[in-house]
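First up is the structure itself, then whatever we jot down about it.
Read-outs: derived from the displayed coordinates by stated rules, not from any lab. Just so you know, these numbers come straight off a predicted model, no measurement behind them. Reconstructed Cβ throughout: ideal geometry from the backbone, glycine too, with neighbour counts over all protein chains shown.
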Amino acid sequence: MKTVFDRLYDTYHQDLFQFIMYIVKDRTIAEDLIQEVYIKVLKSYYTFKGESSEKTWLFSIARHVTYDYFRSQQRMKKRISQFFDWSEKGEIIPDNKSLPEEIAIQNDEIRRVYHYLDKCTKDQRSVLILRYILSFSIQETAEILNFSISKVKTTQHRGLKNLRKYLLEDEEKGGTENEVKEGKR
Amino acid sequence: MKSRKGNDEKEIIQLLQQMPRLEDRQEKYQIYKQSALEDNMTDLASHDRSKFSRFAPVLATAAAIFIIVLIPFVYNLSDSHFTSEVANDSSGAMEAQDEQLTMIEDENYDALFTAEADKSHAYVLHTVNDDENVIFGAIPDEQGQYLIPITFVVSAKGNLDELYNKLPEYMEEHELADNDFLLQGATYSIDDEKKIVKVQLPQDFSLGEGSVRAYQFEKTLSVMFAPHGITKAVFETADGNTIDLGPFGKMEEMPILPEERASYKLYKERYLVPVPQQPDFPIDEAILEMKEEDTAFHLTNTIPEEINFRITEDEKELVLEYTGKAILENNEKYSVMIDAILMTAKSYGFESVRFDNIKIVRIGNYILEQPIKVPEGVNPYTIGK
C-alpha cells in the first residue's frame with residue numbers, strides 16, 4: 001500500500017492540494033481534507049476499475065470530499081442561525097480566513113481574483129481552478145465534475161463572466177470593498 | 001491597475017493562469033501515516049478482508065447476471081399477452097390496452113404492490129401491511145461518498161425502540177453489517193410525544209477527525225428517524241459523559257434534519273441512492289440530473305438518455321409529460337426509472353407523480369394512466385418471513 005501511496009503522492013499530490021486549497025482557502029482544512037482523500041483512495045484503490053483515468057478518479061474523490069465538507073459547513077451554519085435566530089443567511093459566519101503567504105505577496109490584481117473566486121458558485125470555482133490554475137483539459141474537467149463537455153463550457157463561461165463582473169465593480173468602486181477587507185486581516 | 005472595461009474573458013483567464021502554486025508543507029510520511037492509520041491499513045487483518053472484498057464483486061456480478069437473465073422471463077410471462085397486442089395494428093392494441101386497464105382497475109390497486117416477491121426484489125416499498133412495521137437504516141457506499149438508505153419491513157408488531165434495537169440483527173440477516181454502519185453498538189429509546197430519540201453510544205465511540213464521517217453520521221440519523229417525525233437526537237453514554245463527535249465537537253444533542261432533496265441513481269445496479277442537491281435546486285433539474293452517470297463511484301443513470309419529459313407541478317403532484325420520441329417498453333430499465341423518479345419526487349415533498357403522454361399503460365407494477373403515490377421507502381428488505 002505504501003508503494004501505491006508513494007506513486008500517487010509523487011504524481012498528483014501538489015495538484016490535489018492546490019485544487020482543494022483554492023476551493024476551501026484554509027490551509028488547516030485543506031490538510032484535513034487531503035488526508036481524507038487519501039483514506040478514500042487507499043481504501044478503494046483495488047476496486048478502482050479504470051473506467052476513468054487514475055487522475056480524474058483521484059480528483060473526483062477530492063471534489064466529493066470538498067463538496068461534502070461544504071455541505072457539512074452549510075448545515076452547521078444553518079444550525080447556528082437557528083440557534084441564534086439570525087434571519088439573514090450568509091451573514092452568519094464572517095469571512096475571516098487569512099490570506100496564504102503565496103497570495104499575499106502577489107500584486108493587487110491576483111489578490112482580487114483570489115478574493116472574488118468566492119463570488120462564483122462552487123461548480124464555477126471548480127471549473128476555473130481545474131481549467132486555468134491546474135491547466136486541465138475540458139474532457140478531464142468534465143470527468144472530474146461529472147459534467148457533460150457542454151456543461152463545462154457553460155459553467156466556465158459563467159464563472160469568467162461572474163469574476164469579471166465583480167472585478168469591474170470593484171474597480172469602479174476604487175477597490176474599496178476588497179481593500180477594507182484585506183486591511184482587516 | 002489596468003482598466004478591465006471593454007476587455008474580454010482573455011484577461012481574466014491570464015490572471016487565473018498567473019495564480020501562484022499553494023504548496024502543501026506537510027511531510028509526505030506524516031500524511032501516509034495518518035491516512036493508513038485512519039483506514040487501519042496497517043492492520044494485518046485487513047488483508048483477509050480485502051481478499052474477501054475482491055471476491056464480493058464477483059459474487060455480486062454473478063447474482064446480477066442471474067437476475068438480469070431471469071427478469072425478462074418474468075416480464076414475458078406476465079406481460080406476453082399485453083406486449084404482443086401492442087405490436088399488432090393500432091386499433092387492436094388500443095382495445096387490448098383498454099381491456100388490460102379495466103382488468104387492473106377492477107383489482108384492488110394496492111394489492112399490486114403487496115406481493116412478497118415485490119418486496120424482496122424491488123428497489124422501492126409501496127405498501128406496508130397492518131401486521132408489518134417499517135424501520136430505516138443507512139450504510140455508506142464502498143468509497144464513503146454516498147449513503148445508501150435501507151428500509152426494513154418487519155413482520156411483527158412492536159414498539160419502534162425494540163425494532164431499532166434489533167437493527168444490527170436485521171443488518172446481519174441481510175449481510176449488511178460489514179458495511180461500516182456509523183451507529184455501530186448504539187441503542188435507541190424513542191419518545192413519541194417529545195419527538196426525540198435518545199441514542200446511547202458505546203463508551204469508546206468515535207467518528208475520527210474526518211468531516212465526511214461526521215456529515216454521514218448526521219445524515220444516517222436523519223435517514224433513520226426523520227420519517228418517524230423525530231426532530232432531535234439526544235446522546236448518552238453508559239458512564240454519562242458527553243459524546244465527542246469529531247468535527248462537531250462534544251455534543252449532547254443534534255437536530256434530526258428532514259430528508260434532503262436528491263436525484264436518485266443506481267449504485268452498483270443494486271441500490272437506489274440519493275445524490276444530494278442544494279435546497280434551491282429545482283425539481284426539473286434534479287430529474288435531468290438523473291440522466292448523468294458517475295462511473296468512478298459506480299453510479300449509473302436511472303433515466304435513459306433517450307427519455308425526455310416536460311415537468312410541471314400540480315400542488316403535491318409532480319407531472320411528467322413525455323416529450324421523447326423513443327417508445328417506452330415494459331421492461332426493468334423503465335421500471336427502475338419510475339422507481340427513481342418517484343423517490344426523487346418524494347425527496348422534494350411531492351405525494352404523487354403523474355405521467356402524461358407516455359403511450360404505454362403499464363411498466364412493471366406501475367399503471368401509468370393514473371397518478372402513482374410516492375413509495376414508503378427505498379431498498380427494502382423483509383425481515384422475519
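Rounded to 0.05, the FRET efficiency of the residue A:102 and residue B:175 pair, given R0 = 45 Å and the Cβ-Cβ distance, is 0.35. In plain terms, the residue of B:171, B:251, B:224 with the fewest other Cβ atoms within 10 Å comes first and the most crowded comes last, giving B:251, B:171, B:224. With the simple spin-label model, which puts each label point 7 Å out from Cα in the Cβ direction, the residue B:313 to residue A:45 separation comes to 4.7 nm. Multiplying the residue separation of residue B:357 and residue B:300 by 0.36 nm and subtracting their alpha-carbon distance yields 17.9 nm. Close amide-amide hydrogen proximity is noted between residue B:253 and B:235, each under 5 Å apart and 5 or more residues distant or on a separate chain (H modeled in the peptide plane; Pro and chain starts excluded). Give, as ranges by residue number, the residues of the range B:292-319 whose backbone N falls under 14 Å from the point 7 Å along Cα→Cβ of residue B:284. Inside the label zone: B:308-314, B:319. Between residue B:293 and residue A:153, the modelled labels are 2.2 nm apart [label points 7 Å from Cα along Cα→Cβ].
Residue separation of residue B:234 and residue B:370 scaled by 0.36 nm, minus their Cα-Cα distance, works out to 44.7 nm of gained length. Residues whose amide H lies under 5 Å from that of residue B:144, counting only those 5 or more places away or on a different chain, are absent; hydrogens are built 1.01 Å from N in the peptide plane. Computed from label points 7 Å out along Cα-Cβ, the spacing between residue A:70 and residue A:11 is 2.7 nm. If each Cα of the range B:128-255 is one equal point scatterer, what is log10 of I(q)/I(0) from the Debye formula at q = 0.14, 0.18, 0.20 Å⁻¹? Here the Debye-derived log intensity ratios amount to -0.60, -1.02, -1.26. Taking all Cα pairs closer than 8 Å and separated by 6 or more residues, the relative contact order of the range B:128-255 comes to 22 percent.
The alpha carbon centroids of the range A:100-173 and the range B:206-270 are separated by 33 Å.
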